Amino acid sequence: MGKAVAPLALALIGLGACANGAQTGQHALPPAFLGIETRLLDGDLVNFRVAIRHAEERRMVEDYAACAAAQYALIRGYGFARHVRTTVDQSGAVARADAVYLISPALPKGVATIDAEVTVRDCGARGIPTV
């Protein structure tokens with residue numbers, strides 16, 4: 001009877017290790033960037049909607065929106081953006097961000113400003129798409 005229990009016990013321990021690995025992200029699927037939707041709201045106020053499947057953390061989808069804003073500023077010939085607000089929604093494996101940025105040719109007032117050129121370069125180095 002002891003011999004039959006040992007293989008079952010080892011199998012259960014193995015399943016427990018797999019479950020724990022999935023919870024800690026050891027076997028997590030790589031993030032998939034699902035696209036950027038851009039809407040001009042008013043003047044230089046722009047809304048960015050982005051989504052990531054299997055985002056490692058909430059911050060990743062927020063960064064994706066910032067990368068989109070930085071690239072948009074550069075496309076429009078501007079060098080800066082100021083973060084206005086971001087909301088994040090998680091639905092199953094997909095995290096979505098709805099962000100608003102003010103793009104500007106000069107450094108805008110406020111604490112949540114980004115240098116578009118530096119940010120786009122950083123996004124590329126981190127593997128976060130900007131278009």
### Message
Please compute, for the alpha-carbon atoms of region 61-130, the extent along each of the three principal axes and give them in descending order in Å.
### Response
39, 24, 19
### Query
Roughly what would the spin-label model give for L40 and R76, points 7 Å off Cα along C-beta, in nm?
0.8
### Task
Obtain the nm distance between the two label points defined at V111 and R85 by a simple spin-label model: each point lies 7 Å from its Cα along the Cα-to-C-beta direction.
1.8
### Relative contact order for region 32-126, counting Cα pairs under 8 Å that sit 6 or more residues apart, in percent
30
### Task
Only Cα pairs under 8 Å and at least 6 apart count here; give the relative contact order of region 70-118 as a rounded whole percent.
49
### Task
Starting from the Cα-Cα distance between R49 and D98, subtract it from 0.36 nm times their residue separation and give me the gain in nm to one decimal.
17.2 nm
### Message
Just to check I understand the Karplus step: with θ = phi - 60° and J = 6.51 cos²θ - 1.76 cosθ + 1.60, what whole-Hz values come out for region 28-33, glycine and proline as x?
### Response
5, 6, x, x, 10, 7
### Task
Can you pull the one-decimal nm distance between simple spin-label points at R58 and V131, each 7 Å off the Cα toward Cβ?
3.2
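A short reminder: the numbers here are calculations on the coordinates, not readings from a lab. Nothing here was measured: the structure is a model prediction, and the numbers come from that model. Heads up, the Cβs are rebuilt from the backbone with ideal geometry, glycines too, and the neighbour counts pull from every protein chain shown.
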